[in-house]
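Taking it in order: structure first as structure tokens, then the write-up.
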Amino acid sequence: MSTIGTGYDLSVTTFSPDGRVFQIEYATKAVDNSGTVVGVRCKDGVVLGVEKLISSKMLLEGSNRRIHAINRHAGMALAGLAADGRQIVTRARTEAANYLSFYGEDVPIKELSNRVAHYSHLCTLYWWLRPFGSSSIIGGYDIDGPQLYTIDPSGVAYRYYGAAIGKGRQAAKTEIEKLRLAQMTCREGVMAVAKIIYGVHDESKDKSFELEMSWVCDESKREHQRIPSDLLMEAKAMARDAQEDDLDAF
Amino acid sequence: MEPMAGGWMSAAHSMGTTILAVEYDEGVILGADSRTTTGVYVANRASDKITQLTDNVYICRSGSAADTQVVSDYVRYFLNQHTIQLGKEATVKTAANLVKELAYQNKSFLQAGMIVAGWDKYDGGSVYGIPLGGTLLRLPFSSGGSGSSYLYGFLDQAWRPNMSKDEAERFVVKSIALAIARDGASGGVVRTVTVNAHGVERNFFAGDKLPLFHEEISPGRNPLLA
């Protein structure tokens, strides 16, 4: 990739003449090159899914988790540099715990997302720090219902019905827009997300991947948890079949 | 008994006090006496011991007047910021938690027994007692201050769940009046604050409006005058 911001891209504390901070854009590129992460907000909860690209056949299945629990009612799925993502998860957990300790109530998902965004933004303000090369999708269920937020390296948090980050995000967003999320239950959402991730995975460019999914919904008693293994197997099978059907069309 | 030769003028203001808060069917009623003392001198015979924290949460204060005022001010400040950031009104539980945090973390410096009560849409009317050490306990009714010692048996026997507003107010006023009758550090008038979904209502019961008990002389009839 050619350097487009020659001279103005050496430090995160430098603006370019056209008002861009290149270091933040470069950080976002790290996210764009990682495996796809998808999140959807259904009528009774949120479903998160990750296309976990496998770099080596020797890796144990289920290791290198990309989805983490923040507290009972919220989870976070990461894209981009894994180590940077771990730092963000640790911070989010601390913020959630501190809020509970100080205010006596679970942190609202909006407040949690704002705090994570604040932290990410903090790291774009000083020359001795670099921006996080990691975006996160937060899925949570609080007293105002299920909510989905995305936080990117620039430190902005957006609330979504459906979101996708990573290399397959364009194709994934197209697929998500076709879904009628307000009428879907999380069970249906799990099937849809699995299908989308299998769909956007590029067999020619990337070797293989493992699908990692979680949800927080009425069925899980508003607690963030990994998809039950029987449902996950069913979703994977359905998604694989759907891919074969598409291939047969040729 | 020797008067405290001038010492009463500089002694710290203490609210001997009787404070009380009860849940009723639509919300909560907070009640308090109005006597503030410095030693045996009544510094203020009409004080207001029920203080506002937010639109929907109030606090009853007993113990050191200064300590409880400062704690209330801090909590009001935190809740104000919290409400703005949250985008909706704070819950009674949050307010109570903040008071508890201050009371517990500063327990060696404070002498403050407080009751936080109010109404929010998630839990309805709630009463939280926060006594001296900084415990936080949600209860259907809670009492505090020196006068509360005389009320334990009465409250246990007479409180019922889901009282109407009038029943509950009479219950609160009767309780405070009973405590005033026996506790020298409690006296003056009875103030009540009612908080429910519709808002807040303050009430005031002067000496002649209070019920009389065993061997009490009715006010307004001075036996020395013709």
Query raised in the report: With contacts defined as alpha carbon pairs under 8 Å and 6 or more residues apart, what's the relative contact order of the stretch A:156-234 in percent?
Result: 20
Query raised in the report: For the stretch B:64-163, with the dipole built from +1 on Lys and Arg beta-carbon atoms and -1 on Asp and Glu ones, taken about the Cα centre, which of B:Ser64, B:Ile84, B:Gly124 lies farthest toward the positive end?
Result: B:Gly124
Requested in this report: Starting at the first residue of the stretch A:9-16, write each ³J(HN,Hα) from the Karplus equation 6.51 cos²θ - 1.76 cosθ + 1.60 with θ = phi - 60°, in whole Hz, x for Gly and Pro.
Outcome: 10, 7, 9, 6, 9, 10, 8, 8
**Report entry** Environment charge of B:His214, counting only residues whose C-beta is closer than 14 Å and scoring Lys/Arg +1, Asp/Glu -1
**Finding:** 0
Report task. Rounding to the nearest 20 debye, state how big the charge dipole of chain A is about its Cα centre with +1 on each Lys and Arg Cβ and -1 on each Asp and Glu Cβ. Result -> 560
Report summary line: Using the Kirkwood formula on alpha carbons, the hydrodynamic radius of chain B in angstrom works out to 17.9
Report summary line: Given the candidates A:Leu211, A:Ser120, A:Val12, the one whose Cα lies deepest towards the positive end of the charge dipole of the protein assembly as shown, counting +1 at each Lys or Arg C-beta and -1 at each Asp or Glu C-beta, is A:Val12
Query raised in the report: In whole angstrom, how long is each semi-axis of the equivalent ellipsoid of the stretch A:92-181, when you take the square root of 5 times every eigenvalue of its Cα gyration tensor and sort them from largest down?
Result: 24, 21, 7
Query raised in the report: Please state the equivalent ellipsoid semi-axes for the stretch B:159-202: what are the square roots of 5 times the Cα gyration tensor eigenvalues, largest first, in whole Å?
Result: 23, 13, 6
Report summary line: If each K or R counts +1 and each D or E counts -1, the residues other than A:Ile109 whose Cβ falls under 10 Å of its Cβ total -2
Query - For residues of A:103-109, the mean tally of beta carbons on other chains within 10 Å - result: 5
Report task. Could you let me know the centre-to-centre spacing of the stretch A:193-231 and the stretch B:137-157, using Cα atoms, in angstrom? Result -> 55
Requested in this report: Grab chain B and count how many Lys pairs have their alpha-carbon atoms under 28 Å apart, sequence gap of 8 or more, or different chains.
Outcome: 20
Query raised in the report: Can you work out the FRET efficiency for the pair B:Asp166 and A:Arg159, with r the C-beta to C-beta distance and R0 = 56 Å, to the nearest 0.05?
Result: 0.75
Query raised in the report: How many percent of Cα pairs in chain A exceed 29 Å?
Result: 30
Report summary line: Long-range amide H partners of A:Asn64, meaning residues 5 or more apart or on another chain whose placed amide H is closer than 5 Å, are none
Query raised in the report: Considering chain B as a Gaussian network with a 10 Å cut-off on Cα pairs, which listed residue, B:Asp166, B:Asp73, B:Asp25, attains the greatest mean-square fluctuation?
Result: B:Asp166
Query - Prolate/oblate/rounded call for the stretch B:102-206, Cα gyration tensor, a/c under 1.5 rounded - result: oblate
Query raised in the report: What does the charge dipole of chain B about its Cα centre add up to, to the nearest 20 debye, if the Cβ of each Lys and Arg holds +1 and the Cβ of each Asp and Glu holds -1?
Result: 200
**Report entry** Evaluated at q = 0.10, 0.13, 0.15, 0.22 Å⁻¹: base-10 log I(q)/I(0), Debye formula over Cα of the stretch A:137-238
**Finding:** -0.29, -0.51, -0.68, -1.42
Report summary line: For the stretch B:202-208, Karplus-derived ³J(HN,Hα) couplings (6.51, -1.76, 1.60; θ = phi - 60°; whole Hz; x for glycine and proline) come out as 9, 9, 8, 10, 7, x, 6
Requested in this report: Taking the Cα centre of the stretch A:74-205 as origin, work out the dipole magnitude from +1 charges on Lys and Arg Cβ and -1 charges on Asp and Glu Cβ, in debye rounded to 20.
Outcome: 340
Query - Whole-angstrom Cα spans of the protein assembly as shown along principal axes, big to small - result: 114, 50, 39
**Report entry** Around A:Phe209: net Lys/Arg minus Asp/Glu count, Cβ-Cβ under 13 Å
**Finding:** +1
Report summary line: Per DSSP loop assignment and a cutoff of at most 11 other beta carbons within 10 Å, chain A keeps its longest run without exposed trypsin sites (Lys or Arg not before Pro) at A:58-179
**Report entry** Partners for A:Lys167 among lysines (Cα-Cα distance below 22 Å; same-chain residues under 8 apart left out)
**Finding:** A:Lys29, A:Lys52, A:Lys57, A:Lys178, A:Lys195, A:Lys205, A:Lys207, A:Lys236
Requested in this report: May I ask you to derive the relative contact order of chain A, considering only C-alpha pairs under 8 Å and at least 6 residues apart, and to give it as an integer percent?
Outcome: 28
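Only the coordinates and a few stated rules stand behind these numbers; no lab work does. Bear in mind that the values here come from a model prediction, so they are computed numbers and not experimental data. No Cβ is skipped: glycine too gets one built from the backbone with ideal geometry, and neighbour counts run over all protein chains shown.
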